[in-house]
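To keep things clear, I will list the structure first and then write my remarks on it.
The values are calculated or read from the model by the stated rules, or taken from the named source; none is laboratory data. Every value quoted in this text rests on a predicted model; they were computed, and no experiment measured them. Positions of Cβ are backbone-derived with ideal geometry, glycine not excepted, and every protein chain shown enters the neighbour counts.
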Amino acid sequence: MAHAADLRCPYCHSPMLRWANPQITSWDGEFQWVCFNDDCPYYVRGWEWMKSQFNVTASYRYRLEPKTGESGPLPVWSANALRSSILAEEAKQDA
């Protein structure tokens, strides 16, 4: 797996952020990498797609599961949804 600094969203190339998995989840591990760029085309077009397909006001953010490499949508109901679970970056160690 790539180093954290190298992880970028394939849709907007913004750095991915560590996001804590909920305590009750089927996802393995403690966190996933998520794109929280509000200008990301994946997130922006998600609003219209979710409305047209399911008649809901929601979108999704790109996520990557670090242990398996599985990627896909992380549903959100607002621009601020799930941001409280963004994990602080680990302190970088000098080599």
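The residue that is nearest to Glu89 (Cα to Cα), counting only those in region 1-20 that are in contact with a helix residue (DSSP H, G or I) (Cβ under 9 Å, 6 or more places away or on another chain) and without any contact (Cβ under 8 Å) to a residue 40 or more places away in the chain, is Pro15. Screening region 7-36 for residues that are aromatic (Phe, Trp, Tyr) and assigned to a strand (DSSP E or B) and picking the one that is surrounded by the fewest Cβ atoms within 10 Å (Cβ to Cβ) gives Phe31.
Annotation: of all residues in region 40-95 being among the hydroxyl-bearing types (Ser, Thr, Tyr) and out of contact with any helix residue (DSSP H, G or I) (no Cβ under 8 Å at 6 or more places or on another chain), the one that is modelled with the lowest pLDDT is Thr68. Against the numbered list (1) within 16 Å of Arg8 (Cβ to Cβ); (2) in contact with a Gly (Cβ under 8 Å, 6 or more places away or on another chain), Leu64 comes up short only at (2).
Go through the residues of region 37-50 one by one and say whether even a single one is closer than 10 Å to Arg61 by Cα, assigned to a strand (DSSP E or B) and of a type in the set (Val, Ile, Thr). Looking for residues that are closer than 10 Å to Arg61 by Cα, assigned to a strand (DSSP E or B) and of a type in the set (Val, Ile, Thr), one finds none in region 37-50, hence no.
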